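Structure first, then comments.
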Amino acid sequence: MRYISLVLLASFISISAFNSVAAESEPSTKGLEIAQERKARDRGWNNSEAEILMVLRNAQGQEATRKLNVKSMELTDDGDKALTVFQSPRDVKGTAFLSFSHVFDADEQWIFLPALKRVKRIASKNKSGPFVGSEFAFEDMTSFEVEKFSYTYVGDETINGEACFVLEQTPQYDYSGYTLQKVWIDKSHYRVHKVEFYDKKGALLKVLELKDYELYKEKYWRPIRSEMTNVQTRKSTSLITESLIFDTDLSESDFDKNSLKRAR
């Protein structure tokens, strides 16, 4: 009788432990599934070219504007490639930024500064630094790759009238400036509406809001406005898409670090 009791007790403990592990793993499993679906719904867009207006605001609300041309190419077996060239004003015209996102390896980035007349590679340890004086960091200027984060589903919320999943994603790559990113993804199309970025001390650093989504190629959603606000300095940067076209005649040769000085 005592043997049976001990077996039952052991079984109860085993089942309880299994349920506890399952309960603990469920948020991470669901979080990963949501992130995978987000990525899956944005595959196949091929390439694009956009004209972007960048608006920089200081803590007093004073504004400065820059115009950018952004070419992007999707790779089927790795992260995306992107080339950003500043068109105006004169003090930044000709500045060119090239980014190779990778799924597993460290991202690669280079910048050409006309004043220095040379191409500079952005070291991994410097990717948390500001992108050309904006509130976006260099690490923000890469494509979203599922494998670069771990995920926890933390609940549901409604934002801008959209029912959203809320995830916490933790960078798994070296030298990130963030300990955590909290992401709101709508349930209807798996579009990101808001991201909170937390600094190395765990304090809220920046908030990214993505607005005015438009549908391209009957499948791919893109925000027309992306607004990054630094809550610690009260500075902000807006990226406003003025035009966007897909399936251009871009090729991989257009994304060559040796041609950055001639990029237009």
| request: Quick one: E218 ticks every box in (1) open to solvent by less than 20 Å² (accessible area, probe 1.4 Å); (2) on the phi > 0 side of the Ramachandran plot except a single one, so which number is it? | output: (1)
| request: Output the residues belonging to segment 140-179 that are over 20 Å from E227 (Cβ atoms), free of Cβ contacts under 8 Å to residues at least 40 places away in the same chain and part of a strand (DSSP E or B). | output: G155, D156, A163, T170, P171
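One line per residue, one yes/no per condition, for (1) at pLDDT below 95; (2) outside any loop (DSSP other than H, G, I, E, B):
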position: H193; (1), (2): no, yes
position: K201; (1), (2): no, no
position: L210; (1), (2): no, yes
position: L215; (1), (2): no, yes
position: T233; (1), (2): no, no
position: T237; (1), (2): no, yes
position: T241; (1), (2): no, yes
position: N258; (1), (2): yes, yes
position: K261; (1), (2): yes, yes
| request: May I ask you to list pairs of residues, at least six apart or on different chains, whose Cβ atoms are under 9 Å apart, with the first in segment 56-77 being open to solvent by 80 Å² or more (accessible area, probe 1.4 Å) and the second being of a type in the set (D, E)? | output: K67/E51; K67/E242
| message | Please pick out the residue among S25, S72, S48 that is modelled with pLDDT under 85, within 27 Å of the chain's Cα centre (by Cα) and not charged (D, E, K, R). | response | S25
| Leading residue by the ranking (nearest to N46 (Cα to Cα)) among those in segment 75-115 that are assigned to a loop (DSSP other than H, G, I, E, B) and of a type in the set (D, E, K, R) | D80
| Out of (1) closer than 24 Å to E74 by Cα; (2) open to solvent by 30 Å² or more (accessible area, probe 1.4 Å); (3) touching a helix residue (DSSP H, G or I) at 6+ places or on another chain (Cβ under 9 Å), what's the single condition that is false for T152? | (1)
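The values are calculated or read from the model by the stated rules, or taken from the named source; none is laboratory data. Because the structure is predicted, anything quoted here is derived from the model rather than measured. Every residue, glycine among them, receives a Cβ derived from its backbone with ideal geometry; neighbour counts consider all protein chains shown. These area figures cover heavy atoms from the full protein model, side chains too; ligands, DNA and RNA do not enter into them. Shrake-Rupley method; radii C 1.70, N 1.55, O 1.52, S 1.80 Å.
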